Amino acid sequence: MKIKYYLIDNPMTEDPNDCRAQVTGYEAVTESEIFEYMTRKGSGITTAEAKANYQELIEAHEYFLKQGFGINTGFINARPVIQGVFRDKADSFDPSRHQVKFNVKLGKFYNQTANDLKFEKVEPLSSDPIPNDFEDIASDTVNNIITPTGTAILQGVRLKFNMEDDEQGIFFIAANGAVNRVSKIITMTSSQVVFLIPQELAAGEYTLEVRILPKGNKMIKKGVLKDLLTV
């Protein structure tokens with residue numbers, strides 16, 4: 001099976017063109033699938049034996065780690081580290097101020113396996129906002145009338161945005177290109193935004209546009225309501 005991936009903007013560099021890969025569509029197996037494979041026809045291993053050996057392996061790791069040893073196998077490399085601040089060189093380990101953690105890295109088996117993987121580039125999943133329904137409370141209409149200064153409810157997908165960023169938000173765009181940004185949000189989730197309609201909207205037709213900046217992206221994503229709205 002091939003590893004599927006798509007490319008997204010790379011926020012870790014200043015280059016506006018470079019990208020990073022995002023793996024998608026993979027499924028993770030659990031212990032059950034591993035035991036099932038270990039006990040496949042012809043392996044000569046029973047499920048009980050597989051589970052017993054697995055438990056012994058876990059207990060062996062636990063034993064040596066508790067003795068203060070590190071683990072260095074083909075599967076993992078693990079070593080204990082102490083986190084926390086010591087007041088001076090005379091200070092000692094204090095469980096209330098210090099913690100023991102394990103630094104764990106995958107062993108050479110995984111690195112070797114990675115060299116044998118096959119890859120398939122796919123189209124990225126859409127991160128664009130999708131405004132579906134604009135409900136004007138004053139006129140009790142959907143995807144039709146706009147009542148300036150009134151309350152509206154916008155339903156859709158990926159609607160949540162950062163109000164502190166003037167480039168993001170809900171915008172009413174007039175036929176002549178004039179743009180009015182919604183400035184008063186009452187409540188906002190990714191699927192619904194309740195807001196006050198700008199009072200500056202003059203009579204005419206408007207396109208409603210949602211602009212967001214998804215996490216990990218450098219460019220604003222836009223979504224347009226399918227119907228024209230009228231003041």
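The values are calculated or read from the model by the stated rules, or taken from the named source; none is laboratory data. Here the structure is a predicted model, which is why all the values come from computation and not from measurement. Neighbour counts run over all protein chains shown; Cβ positions are idealised from the backbone, glycine included.
Residues in the range 189-223 that are of a type in the set (A, V, I, L, M) and either modelled with pLDDT under 95 or part of a loop (DSSP other than H, G, I, E, B) (or both): Ile197, Leu201, Ala202, Ala203, Leu213, Met219, Ile220.
The single condition from (1) touching a Leu at 6+ places or on another chain (Cβ under 6 Å); (2) farther than 30 Å from Gly25 by Cα that Leu225 fails is (2).
Cβ-Cβ distances below 8 Å connect the following pairs, each with a first residue in the range 117-141 that is assigned to a strand (DSSP E or B), a second residue that is among the aromatic types (Phe, Trp, Tyr), and a separation of six or more residues or different chains: Phe119/Tyr5; Glu120/Tyr5; Lys121/Tyr5; Lys121/Tyr6. Restricting attention to the range 184-208, the residues being without any contact (Cβ under 8 Å) to a residue 40 or more places away in the chain, under 17 Å from Ile153 (Cβ atoms) and not β-branched (Val, Ile, Thr) number 5. Taken over the range 152-173, the criterion of being assigned to a strand (DSSP E or B) and either out of contact with any strand residue (DSSP E or B) (no Cβ under 6 Å at 6 or more places or on another chain) or among the aromatic types (Phe, Trp, Tyr) (or both) is satisfied by Phe171, Phe172. Among the residues of the range 23-38, some residue qualifies, meaning at least one is outside the structural domain of Asn217 (by TED's automatic domain parsing), within 36 Å of the chain's Cα centre (by Cα) and assigned to a strand (DSSP E or B). If I go through the range 184-222 residue by residue, how many of them are under 27 Å from the mean Cα position of the chain (by Cα) and either aromatic (Phe, Trp, Tyr) or closer than 22 Å to Ile137 by Cβ (or both)? Qualifying residue count for the region: 14. From the list Met1, Met12, the lone residue that is assigned to a loop (DSSP other than H, G, I, E, B) and touching a strand residue (DSSP E or B) at 6+ places or on another chain (Cβ under 9 Å) is Met12.
Figure legend. Inter-residue proximity from the range 64-76: first residues under 13 Å from Val100 (Cα atoms), second residues assigned to a helix (DSSP H, G or I) and among the acidic types (Asp, Glu), beta-carbon distance below 8 Å, spacing 6+ or different chains. No pairs are indicated. One residue stands out in the range 174-207 among those that are out of contact with any strand residue (DSSP E or B) (no Cβ under 9 Å at 6 or more places or on another chain) and farther than 27 Å from Lys218 by Cα: the one that is surrounded by the fewest Cβ atoms within 10 Å (Cβ to Cβ), namely Asn176.
If you go through the range 1-37 and keep only what is among the small types (Gly, Ala, Ser) and without any contact (Cβ under 8 Å) to a residue 12 or more places away in the chain, you end up with Ala28, Ser32.
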